[in-house]
1. Taking the stated definitions as given, is Y299 of a type in the set (F, W, Y), in contact with a Ser or Thr (Cβ under 8 Å, 6 or more places away or on another chain) and touching a residue at least 40 places away in the same chain (Cβ under 8 Å)?
2. Could you check A435 against (1) surrounded by 13 or more Cβ atoms within 10 Å (Cβ to Cβ); (2) of a type in the set (G, A, S); (3) farther than 16 Å from F337 by Cα; (4) without any contact (Cβ under 8 Å) to a residue 24 or more places away in the chain and say which number it fails?
3. Residue check: is A295 closer than 28 Å to K190 by Cβ and in a helix (DSSP H, G or I)?
4. Answer yes or no as to whether E189 is modelled with pLDDT of 95 or more, open to solvent by 60 Å² or more (accessible area, probe 1.4 Å) and not β-branched (V, I, T).
5. If I filter the stretch 255-265 for residues that are at pLDDT 95 or above, open to solvent by 10 Å² or more (accessible area, probe 1.4 Å) and more than 14 Å from the chain's Cα centre (by Cα), do I get at least one hit?
6. In the stretch 396-427, what residues are in a strand (DSSP E or B), farther than 13 Å from L349 by Cα and open to solvent by 20 Å² or more (accessible area, probe 1.4 Å)?
7. Quick one: E327 ticks every box in (1) assigned to a loop (DSSP other than H, G, I, E, B); (2) over 23 Å from the mean Cα position of the chain (by Cα); (3) surrounded by 15 or more Cβ atoms within 10 Å (Cβ to Cβ) except a single one, so which number is it?
8. Looking at L356, L349, which is the one that is open to solvent by less than 40 Å² (accessible area, probe 1.4 Å) and not in a loop (DSSP other than H, G, I, E, B)?
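The values are calculated or read from the model by the stated rules, or taken from the named source; none is laboratory data. Quick caveat, the model's predicted, so the values are computed rather than measured. Cβ coordinates were reconstructed from backbone atoms using ideal geometry, including for glycine residues, and neighbour counts include every protein chain displayed. Ligands, DNA and RNA are excluded from the accessible area calculation, which covers all protein heavy atoms including side chains. Shrake-Rupley method; radii C 1.70, N 1.55, O 1.52, S 1.80 Å.
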Amino acid sequence: MAKERRRAVLELLQRPGNARCADCGAPDPDWASYTLGVFICLSCSGIHRNIPQVSKVKSVRLDAWEEAQVEFMASHGNDAARDAYESKVPPFYYRPTSSDCHQPLASCDVGSAGSLGGTWRSPPSPQRAGCLAGRGPVLASGGQGDETPGAQLLQQKFTVPTSWRSGSRLLREQWIRAKYERLEFTHPEKQEPYSAGYREGSLWKRGRDNGQFLSRKFVLTEREGSLKYFNRNDAKEPKAVMKIEHLNATFQPAKIGHPHGLQITYLKDNSTRNIFVYHEDGKEIVDWFNALRAARFHYLQVAFPGASDADLVPKLSRNYLKEGYMEKTGPKQTEGFRKRWFTMDDRRLMYFKDPLDAFARGEVFIGSRESGYTVLDGLPPSTQGHHWPHGITIVTPERRFLLACETESEQRAWMEAFRKVVDRPMLPQEYAVEAHFKHKP
């Protein structure tokens, strides 16, 4: 009977909608929440185990199934759950996907920002302390049959994917909690923290000069189209005003040194400015992230009145195409090569002395092949002074930029990122950005 019930559960995976994880869309889910009636992947099952009051999970292939549990799964399934729990998801709300977590499994190392040049001066949170000790997120135990083979396998094998350092685990956890625990997408009134058009609160912000994280008041107002922060709660004038038009936010826990680290970029005098913030509460920082996306969404709706939601959503926030250290030389190409931190943000290649610098030391616009831009493997034969052996030459209509990578794999990754940009035709608004770079003093 046990084998027959397990076979019946496996057959349910063949039904429409059940062949992919209900939460992230990963193919071939091997786990199921038998209290929600959904099939989920290994990564999402670990998060479900942290909300045992809502979701209890079993391995589809390893655990024993009761007849009532099989019948419950048969009467529900992923499509039904999506209709029930995702009926009112705002178009701007970030939906995590399986591609967010495509890297191999590895132990958590959020503290690796030290090797990037980061400075951590605030007491680490309990979550961060666990990561620094080499542990992954604590999985809730008790109340859902931890003695089962599936549960034992989960406890033994569930480690933190490397890509979760980019914030994808936090986004995925809050997506799952918002759906099933807080019921935010069945009761729209619960979306007020990120959909009201105004948000005010405190975030820990990294100081530009001393690297110390201090509490700062932030105010987001869609009416004014800006995000502001103040050095004091009673300050009348903001320290900085960031226009929603040019604002981007991306999670960077490894770089910032905190599991909830968020990097916000904006343009100041047509140059990119970075600020680094975090909040100890995961829901709070994700609410800020989605509030920023909501503000961007509503701004773009006005700026492009004929555009569909599907056209606008990819423009709300973006992750960097590539980041890492390379060596570079100066415009005369006779200076010695210096190690710099590079960030590829769409068509802007920026380099910094330190990954947590507020301003870039320089920016390079990379246009399309049709406009005279290309990327070459290697350096000119006469090049000297580079310590790293794997060269890259970026050719623009004005000059050549010589770069060097430490490893061949890094060179290949950078070449792939550059070529993706060069092979993509330029949009009309990108020609205006290019013109600014050409006339930049």
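1. No, not satisfied.
2. Condition not satisfied by A435: (1).
3. Answer is yes for this residue.
4. yes
5. no
6. R400
7. Condition not satisfied by E327: (1).
8. L349
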